[in-house]
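**Q** Sharing a structure here in structure tokens format.
Computed from the coordinates by the stated procedures, all read-outs in this text should not be read as laboratory data. No experiment lies behind these values; they were computed from the predicted model shown. Here Cβ is always computed from backbone atoms with ideal geometry, including for glycine, and neighbour counts include all displayed protein chains.
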Amino acid sequence: MIQLKVELGSRSYPVFIGQGLLSSDRVLGKVLTKEKSLVITNKKVGSLYFEELETAIRALGVEVTPLFIEDGEKHKNLETLSFIYDELIRQGYGRQSSIIALGGGVVGDIAGFAAATYQRGVPFIQIPTTLLAQVDSSVGGKTAINHSLGKNMIGAFYQPEAVIIDIGTLSSLPKRQVSSGLAEVIKYGLIRDAEFFSWLDANMHNLTNGQTEALCYAIEKSCSLKAEIVSQDERENGTRALLNFGHTFGHAIEVSGQYTKYLHGEAVAMGSMLALNMSRSMGFLDVSDVEKVRTVLKSAGLPTTPPNLGKSLYLKLMQRDKKVKNGRIRLVLLKDIGEAYISDDYDSKSLEFLLSMEG
Ligand SMILES: NC(=O)c1ccc[n+]([C@@H]2O[C@H](COP(=O)([O-])OP(=O)(O)OC[C@H]3O[C@@H](n4cnc5c(N)ncnc54)[C@H](O)[C@@H]3O)[C@@H](O)[C@H]2O)c1
Ligand SMILES: [Zn+2]
């Protein structure tokens with residue numbers, strides 16, 4: 001088992017990564033310090049993994065109850081949140097209880113926001129079961145629900161007490177979801193760690209084949225790179241924005257497909273290609289770098305040709321990004337593989353040219 005730490009002073013917390021951690025009393029015993037726990041999950045994930053977790057929690061003498069929410073992004077909303085609050089109040093949960101999120105990013109985001117706001121904050125534990133949630137959403141304390149007018153519009157920064165990553169849960173995850181998570185893994189290499197990117201280039205087949213050792217290493221690397229960035233800039237005043245590499249373009253692509261056509265990681269993969277080409281127009285990277293990234297994304301099972309939305313739709317959708325400052329879209333670009341920077345003094349004409357080539 002690997003143990004990392006997100007360093008945030010008195011709010012620091014551990015991230016455990018390994019096989020079989022769902023039933024590990026060593027890990028659960030360390031983090032479950034309250035009398036009662038509520039496990040928020042959905043039917044799909046719950047039917048696969050709740051029983052195993054329940055048995056392990058009971059064995060520690062901690063009460064445990066499941067709460068099933070509907071599966072899917074469209075249920076990450078106020079109605080589901082309200083349902084969670086009702087159950088928390090009805091069943092008498094308080095500060096002497098823990099909320100546990102067992103599921104992908106949807107469950108983690110909404111359970112985290114419920115934990116952040118219920119009684120001004122109750123202890124919260126993340127047990128992510130998708131690759132995307134394991135390498136990204138469960139670490140760093142961003143929690144949110146969607147509003148009908150925008151994604152993740154209502155939320156809070158609220159750090160968990162621990163993150164428990166059992167890579168055994170990936171065995172039931174559909175391949176397309178694994179690929180989606182790999183887009184974020186590749187992103188970490190691109191923005192921060194050229195050596196890790198080379199490792200991904202050489203080992204992608206092991207990851208797509210679900211090899212335990214390779215998965216553990218990739219998750220450990222991703223979580224430690226994210227933890228380092230979050231420790232430096234918890235509330236995204238600077239460095240944390242680098243994590244949005246490929247995302248400003250990607251969000252436009254996601255919205256254009258109404259969040260149903262493309263998975264998040266697929267949109268990020270195509271958005272990354274646009275960000276690489278924009279970096280090239282700024283005088284950074286070689287064609288061979290761009291093509292190397294394309295090959296790695298493809299071998300992860302990801303699309304690399306952005307859809308033809310047309311320049312004006314791309315720009316309109318990108319303007320909605322939370323990162324827009326004084327009406328100017330801020331882009332995360334690469335100076336080199338492994339070295340990202342935030343740019344708002346790029347040439348708008350080059351951006352328009354790039355987007356019109358795609359559209
Ligand atoms: N908080 C953050 O920092 C952050 C970062 C990135 C993404 N997100 C959020 O994460 C969400 C996307 O998360 P996601 O990609 O995990 O999607 P998801 O939570 O919808 O999970 C994808 C699907 O896989 C199923 N599933 C989960 N674990 C499984 C398993 N082990 N085996 C089989 N099926 C399983 C889920 O029930 C769901 O149907 C979005 O709402 C996004 O906004 C948040
Ligand atoms: Zn993302």
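**Q** Can you tell me which of 104-112, 210-218 comes out highest on packing, and rank the rest after it, using the mean Cβ neighbours within 10 Å?
**A** 104-112, 210-218
**Q** If you don't mind, another one. What is the distance in Å between the Cα centroid of the range 51-109 and that of the range 228-282?
**A** About 30 Å separates the Cα centre of the range 51-109 from the one of the range 228-282.
**Q** Past 24 Å, Cα to Cα: identify those pairs from 322/349; 323/349; 175/335, in the order given.
**A** 175/335
**Q** Hey, another quick one. Given the DSSP H assignment, sum -39500 (n - 2.57) over each helix run of at least 4 residues in the chain and divide by its residue total; what's the result at 222 nm in deg cm²/dmol, nearest 500?
**A** Rounded to the nearest 500, the figure is -15000 deg cm²/dmol.
**Q** Rg (Å, one decimal) plus Dmax (Å, integer) for the alpha carbons of the chain?
**A** My reading of the Cα-based Rg and Dmax gives 20.0, 64 Å.
**Q** Sorted from fewest to most neighbouring beta carbons within 10 Å, what does the list 98, 172 look like?
**A** 172, 98
**Q** To the nearest 10 degrees, how steeply does helix 247-256 sit against the main Cα axis of the chain, on a 0 to 90 scale?
**A** 80
**Q** Order these peptides, 52-60, 137-145, by their mean beta-carbon neighbour count within 10 angstrom, highest first.
**A** 137-145, 52-60
**Q** Using only the alpha-carbon atoms of the range 175-358, report the extent along each of the three principal axes, biggest first, to the nearest angstrom.
**A** 45, 34, 31
**Q** OK, next. For 352, 254, what ranking results if the residue with the fewest other Cβ atoms within 10 Å of its Cβ goes first?
**A** Ascending Cβ contact count within 10 Å gives the list 352, 254.
**Q** If you filter the range 62-100 for trypsin sites (Lys or Arg not before Pro), then keep DSSP loop positions with at most 14 other Cβ within 10 Å, what is left?
**A** Here the sparse-neighbourhood loop sites are 95.
**Q** Next question, about the same structure. Within a 10 angstrom radius of the beta carbon, how do 196, 83 rank from fewest other beta carbons to most?
**A** 83, 196
**Q** Right, next: Among the aspartates and glutamates, which have Cα under 16 Å from the Cα of residue 187 when same-chain residues fewer than 8 positions away are ignored?
**A** Cross-link targets: 136, 195, 201, 220, 228, 266, 289, 291, 336, 339.
**Q** Taking only pairs that are 8 or more places apart or on different chains, how many Lys pairs in the range 2-172 have Cα atoms under 23 angstrom apart?
**A** Counting lysine pairs in the range 2-172 gives 12.
**Q** Compare the Cα positions of 127, 196, 186 along the charge dipole of the range 85-226 (+1 at Cβ of Lys, Arg; -1 at Cβ of Asp, Glu; about the Cα centre) and return the one farthest towards the positive end.
**A** Checking the options against the dipole of the range 85-226, the answer is 127.
**Q** Where does helix 264-281 land angle-wise versus the long Cα axis of the chain, in degrees 0 to 90, nearest 10?
**A** With both axes taken from Cα atoms, the answer is about 30 degrees.
**Q** Along the charge dipole of the chain, pointing to its positive end and built from +1/-1 on Cβ of Lys, Arg, Asp and Glu, which listed residue (288, 91, 341) has its Cα farthest out?
**A** 91
**Q** When the dipole is taken about the Cα centre of the chain, and only Lys, Arg (+1) and Asp, Glu (-1) are charged at their Cβ, what size is it in debye, to the nearest 20?
**A** 700
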